[in-house]
1. Within the set of pairs 6 or more residues apart or between chains, which connect a residue that is in the same structural domain as Val391 (by TED's automatic domain parsing) and over 16 Å from Met269 (Cβ atoms) inside the stretch 47-68 to a residue that is small (Gly, Ala, Ser) and crowded, with 16+ Cβ neighbours inside 10 Å with Cβ atoms less than 6 Å apart?
2. State which residue is farthest from the ligand (Cβ to nearest atom) when the search covers only the stretch 141-165 and only residues that are in contact with a strand residue (DSSP E or B) (Cβ under 9 Å, 6 or more places away or on another chain) and of a type in the set (Val, Ile, Thr).
3. What about Asp228, is it closer than 27 Å to Ala264 by Cβ and surrounded by fewer than 16 Cβ atoms within 10 Å (Cβ to Cβ)?
4. I'd like to verify a number: residues in the stretch 219-235 that are farther than 18 Å from Ala116 by Cβ and among the small types (Gly, Ala, Ser), how many?
5. Could you list, in sequence order, the residues of the stretch 35-51 that are more than 18 Å from the chain's Cα centre (by Cα) and surrounded by 10 or more Cβ atoms within 10 Å (Cβ to Cβ)?
6. So which residues in the stretch 236-260 are within 16 Å of the ligand (Cβ to nearest atom) and more than 16 Å from Val117 (Cα to Cα), if there are any at all?
7. Can you work out which of the residues in the stretch 117-147 that are β-branched (Val, Ile, Thr), out of contact with any Phe, Trp or Tyr (no Cβ under 6 Å at 6 or more places or on another chain) and touching a residue at least 12 places away in the same chain (Cβ under 8 Å) is surrounded by the fewest Cβ atoms within 10 Å (Cβ to Cβ)?
8. Does any residue of the stretch 117-129 turn out to be of a type in the set (A, V, I, L, M, F, W, C) and touching a Cys at 6+ places or on another chain (Cβ under 7 Å)?
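The values are calculated or read from the model by the stated rules, or taken from the named source; none is laboratory data. The shown structure was predicted, so the numbers you read here are calculated from the model rather than taken from an experiment. Heads up, the Cβs are rebuilt from the backbone with ideal geometry, glycines too, and the neighbour counts pull from every protein chain shown.
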Amino acid sequence: MPETMVAKHAQWPRVADPIFNISEKAQAAIKSLGKENVINATIGALTDDDGNIITLNTVFDEYKSLPNSEIAAYASIAGQKDYLEAVKKACFKDSMPDAHIRAVATPGGSGAIKLAVWNYTNEGDEILTSDWFWSPYVSISEEVGRKVTTYQLFNEYNNFNFNSFRERFLNIASKQERIFTILNTPAHNPTGYSVPDNDWDKILNLSKEVAQNPEKKIILFVDVAYIDFVKDDDGCRKFFEKFTNLPENILVIVGFSMSKGFTAYGMRMGAAICISSSEDVAEQFYYSCVHSCRANWSNCNRGPMKVLTNIINNPEKYKEYMDEKKIYKEMLSKRAEVFVEEAKKCELDILPYIDGFFISIPCEDPKAVSEELTKDNVFVVPLKRGLRFAVCAVSEEKCAIAPSIIKNALERVRGQMLARD
Ligand SMILES: Cc1ncc(COP(=O)(O)O)c(C=O)c1O
């Protein structure tokens, strides 16, 4: 018998996904103890106070009103033309950069990351992102022979650590032709942080400095998966305007997703949107992505494309959708506000949260703390550098009690560590 039938490049360690692991434990606890006695902060989707997934009626009524043919038929490889226009409007709103902008439909934001990584890096390249990051960035990069390297997201004042960013960025620039950076902002997963506009200026100035060498190719991938759940809809988009008039060897690719903003996680719809001062660079983007789409998933889901198009292009439907979403945005920000307040009161150290689905708690040995918390029937995701608490999935009432429970568990684990040393 051969040791494995899997080709060498496709052999990976058999590790269970840590999120699904802990989430399964939470489900089991809910079954045996009842949901009122369990805090399940592992889910990456917006849920009501009982833990049921929230779905926007304005989105699903629209979907269900589509003729079958609009759902069943193949879509264009690049995505339907009207969707590609509408998705730009949905993404940029009033902050559309003055540039050549081309979009390609993708299966969720994940598809956009895949297209950008594959088409804009070389084998063996290092890809830069922050030390707190969404782990699929690594899977997507490793799958195609790229490596993720990180800068420290925060400095000692809990501000954006531009010095660390600069150091890593220049290090990559010194050894690679391509400097590909993933910035997940606004409402970063897992911290809820957003890169402030003045730090965007620094990032762009640094990029322009490096871009003076015409041999260098700078790609800024901006993952905006959570943008539609940011409190300040317009303010959080202002940074897009800074992408006007960039040098031709700086390309911005925005990864847009319908998963959160339209509560359409399983519909698998998104877009990769490029912004360039060069029409030719934008055209190249389009054709290389279309080739990859054909080679990977052919075309995307036609139904959700139509849903977004119909909602964005119809002022009445758009208003209804925004009004409905506002209720849940307020629910989310109230939960987070309560969590942050209580964390402060009980002196639980958390990372700076601004917007989004998650709050992070830095700690040593996150696995042990997450395990310890299961004794209190609190389930959180252990990351490399801390815990991820999903405020998107926990009621305000439970968000108020969770920080002190976490603080106590942290202290117990610290005590056990000290006793061992
Ligand atoms: C940081 C981040 N980027 C991108 C995505 C993409 O999600 P999807 O492929 O469902 O659009 C997610 C989803 O959880 C995410 O957390």
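1. Listed by first residue and then by second, the contacts come to Thr47/Ala393; Asp49/Ser395; Ile53/Ala45.
2. Filtering first and then ranking leaves Thr149.
3. So Asp228 fails the test.
4. 1
5. Selection gives Lys35, Glu36, Asn37, Val38, Ile39, Asn40, Asp48, Asp49, Gly51.
6. Cys236, Ser257, Met258, Ser259, Lys260
7. Ile140
8. No, because not a single residue in the stretch 117-129 is of a type in the set (A, V, I, L, M, F, W, C) and touching a Cys at 6+ places or on another chain (Cβ under 7 Å).
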